[in-house]
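Trainee: I have a structure I would like to understand better, so I am pasting it below and will then ask my questions one at a time.
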Amino acid sequence: MKIIFLDVDGVLNSEVWNQKHKIETENGFLIDEETIKLLSHFIKTSGAKIVLHSGWRFWFDKNFSPIRKESENFKNLLDKNGLSFYDFTPDLTTEEIRKSGKFSLSKPKEILLWLNNHSDISNWVVIDDIVLNNKTIQKHQVAPDSKIGLTLADIEKTIKLLK
């Protein structure tokens with residue numbers, strides 16, 4: 001099985017998109033649908049499964065049901081484009097990490113723990129705009145520019161990493 005560990009902010013939205021869509025973001029629409037379409041095409045052709053490792057995972061319950069307006073809008077976009085979550089990474093954040101916003105300290109550990117608990121993974125990639133300071137993770141990471149979000153060039157890198 002192929003896995004994509006997916007971040008949201010800076011990947012499925014961007015600084016540029018947020019600036020151009022102020023009304024949408026005020027109404028809880030925080031995801032760029034064009035980026036979802038790009039991701040959807042790749043997921044469908046690769047057969048990869050999505051493991052959400054973004055802070056957005058806390059906006060869903062254990063059954064992947066949204067518990068906030070923003071996550072409901074996100075799930076509707078995923079559904080509309082034939083995507084769904086396979087799983088979420090575990091939460092290894094501490095109070096200090098949450099207060100400081102230094103999620104790059106916990107994300108690599110969360111991903112590696114998830115991988116350790118799933119032996120049927122043939123290949124995996126991490127799509128996250130934050131560079132995750134772990135040599136193992138960095139070999140598998142595609143880091144979109146948060147100003148523009150996920151691009152076709154990022155998807156091409158992802159395809160290479162999953163082969």
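Trainee: Would you check if Ile97 is without any contact (Cβ under 8 Å) to a residue 60 or more places away in the chain, assigned to a strand (DSSP E or B), in contact with a helix residue (DSSP H, G or I) (Cβ under 8 Å, 6 or more places away or on another chain) and on the phi < 0 side of the Ramachandran plot?
Mentor: no
Trainee: Moving on. From the set of residues in region 111-149 that are assigned to a loop (DSSP other than H, G, I, E, B) and basic (Lys, Arg), which is surrounded by the most Cβ atoms within 10 Å (Cβ to Cβ)?
Mentor: Selected residue: Lys147.
Trainee: Now a separate question. For region 91-115, what are the residues that are within 19 Å of the chain's Cα centre (by Cα) and among the polar types (S, T, N, Q)?
Mentor: Thr93, Ser104, Ser106 - these are the residues of region 91-115 that are within 19 Å of the chain's Cα centre (by Cα) and among the polar types (S, T, N, Q).
Trainee: Now a separate question. Suppose the filter is part of a helix (DSSP H, G or I) and either under 27 Å from Glu33 (Cα atoms) or of a type outside the set (S, T, N, Q) (or both); does Leu83 pass it?
Mentor: no
Trainee: Does region 87-105 contain any residue that is surrounded by fewer than 18 Cβ atoms within 10 Å (Cβ to Cβ), at pLDDT 95 or above, under 25 Å from Leu38 (Cα atoms) and of a type outside the set (Lys, Arg)?
Mentor: The answer is yes, given that some residue of region 87-105 is surrounded by fewer than 18 Cβ atoms within 10 Å (Cβ to Cβ), at pLDDT 95 or above, under 25 Å from Leu38 (Cα atoms) and of a type outside the set (Lys, Arg).
Trainee: Filter region 47-66 down to the residues that are basic (Lys, Arg) and closer than 10 Å to Asp87 by Cβ, then identify the one that is surrounded by the most Cβ atoms within 10 Å (Cβ to Cβ).
Mentor: This residue is Arg57.
The values are calculated or read from the model by the stated rules, or taken from the named source; none is laboratory data. Being a predicted model, the structure only gives us computed values, none of them experimental. With ideal geometry, Cβ positions are generated from the backbone for all residues, glycine too; neighbour counts draw on all protein chains shown.
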